[in-house]
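The values are calculated or read from the model by the stated rules, or taken from the named source; none is laboratory data. Model, not experiment: these values are computed from the prediction. Positions of Cβ are backbone-derived with ideal geometry, glycine not excepted, and every protein chain shown enters the neighbour counts.
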Amino acid sequence: MSEEDRAILGEIKDPAFLVYVALSRPARDLAMIKYLNNIYAVGEENGWIAPQTTVEWRGNKMTPYDLNHRAEEMRKFVLPELREQDPSQADIMEKEIFSMKEIADEGIESINSNIKTSELEGFKQMPAHERYGPLAGAPGDENSALVKGTQLWKLGKTTLNPPTQITNAISNAIALNLFGGVPLHQFPRLFRVALEGILKNSDQWNDAQDFGLTGATSAAAELRAALTRLKAYQFRSGKDTSLIGMFASVRSIMSAVAEGATDAYQFSETLFKFMHYIYELEKAGPNPTERQKSNAVNAAHDTLFDYSLVNPNIRYARNSPIGVPFITYYYKVLPKLVETMVKTPWRFIPYIAMAYAIPMATMATFDIDEDEVEKLRKSMADYIRDSGSLYFLPIRDSKGNIEYIDVSRFFPFSSVVDPFVTAFKYGEYKKGAKELIQPILPSGPLITTIAALTTSTDPFTQKKILVDAVIRVESSHAACN
């Protein structure tokens, strides 16, 4: 870039920013290359990459597109300098490049001629751009090899995350009341009946299973498949220290732990669905017909969602590495919210009452007014301060601080209501708009990692990651001046 261009665009000279960029960009690139290499290492063995669509060069397997990219890099960047320094070595390299391109061209021609044959049915070719590294142009299975990493990421965010297990159980109970119309006062009895029915393998439980109650839970439809793939990870080298390599090294231990967590996650969904099934049969009378049993199962799936029934576009969006992994929930919950507001709006009354009762109870317990509650709110971290689901409880912790709770992950309507509370109650319009569209923005392991590296901010908590490092750099710069 010329001096004139720099002057027009404005050259960034802040040492803190330059140091951060110099460290973060190579780190991001190296992490991405290692991630793609790890997927490719096991892709062919586990059926993620179509058979016989790779080539071999000096004992290493790779896609012909990757080999062609390597040859082009050598020709453009290495060969000219070598030609000036050592012409004889440059001639040898030129022959090597020619040989690499010859093998790559044969491989590419083979893929192009066979990509639509029955042998490659069910595989979809990845883009041939060099940014995909060893996976460039690889015909991957219909889910794509990168989807496996996305599913494992989702597994860690949900099933293998203990707080999420608790959140899942509470949100299921609220959905059962809000969408299913099951009265809260009947929960203890239905819970006991459902639990005993499952443990004792009752006739009612067997009937529910026969009509498909357990065939479409989130765990069965999606997470169980991801767990099976987790067990299938195999690496050529036992010394691999990557995240996926760790799973491979301890797979026998992790399988037991993960399977137990998956069972717990699935059991929570199944238990609340069975509770709804029992409630519907009780409304039908003492001798329910086969049709009424079938309708009861359908009602349970409608209330707590059948995650396997989505259109292809939603399925692609939730599985894509740069898609929206948790879009299925919002795709299911928004129509139910609208339906409930139109047909049975009185079901929201207990939750509206709670929004007023908790602050009143807190103020009465500690003899404080709304201004003091507002001061407490403003003292909270930025990512939670303006949330419409933040409540201060009428209890204190061991240090005398007033306890608080964020109920946004429990209530299915929080993702719709909270942004408006943030915007119109607290005056944070930009933040409210961001919260409103957040659920439909692309996320996943790749995007969140890149976002954290490039912005120096945790995408979830909005906390700065490299604040201390920047402060140290700025302090050093000030000391030098």
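Worth a mention:
- Test: I368 is assigned by TED's automatic domain parsing to the domain that holds F424, within 21 Å of S415 (Cα to Cα) and over 30 Å from the mean Cα position of the chain (by Cα): no
- Residue that is farthest from the chain's Cα centre (by Cα) [pool: residues in segment 325-348 that are among the basic types (K, R) and surrounded by fewer than 17 Cβ atoms within 10 Å (Cβ to Cβ)]: K343
- In the set (1) crowded, with 18+ Cβ neighbours inside 10 Å; (2) at pLDDT 65 or above, S202 fails one condition alone, (1).
- When residues of segment 159-187 are limited to those that are β-branched (V, I, T) and farther than 20 Å from K336 by Cβ, the one modelled with the lowest pLDDT: T159
- Enumeration of residues in segment 1-44 that are among the β-branched types (V, I, T) and outside any loop (DSSP other than H, G, I, E, B): I8, V19, V21, I33, I39, V42
- Which numbered condition A90 misses (of (1) among the aliphatic types (A, V, I, L, M); (2) over 21 Å from Y132 (Cβ atoms); (3) at pLDDT 90 or above): (3)
- Cβ-Cβ contacts under 6 Å between residues 6 or more apart (or on different chains), taken from a first residue in segment 283-295 that is surrounded by 10 or more Cβ atoms within 10 Å (Cβ to Cβ) to a second residue that is in a loop (DSSP other than H, G, I, E, B), are listed as K293/F211; S294/F211.
- Annotation note: Cβ proximity below 7 Å between a residue of segment 66-95 that is outside any helix (DSSP H, G or I) and a residue that is surrounded by 13 or more Cβ atoms within 10 Å (Cβ to Cβ) (sequence gap 6+ or interchain) occurs for no pair.
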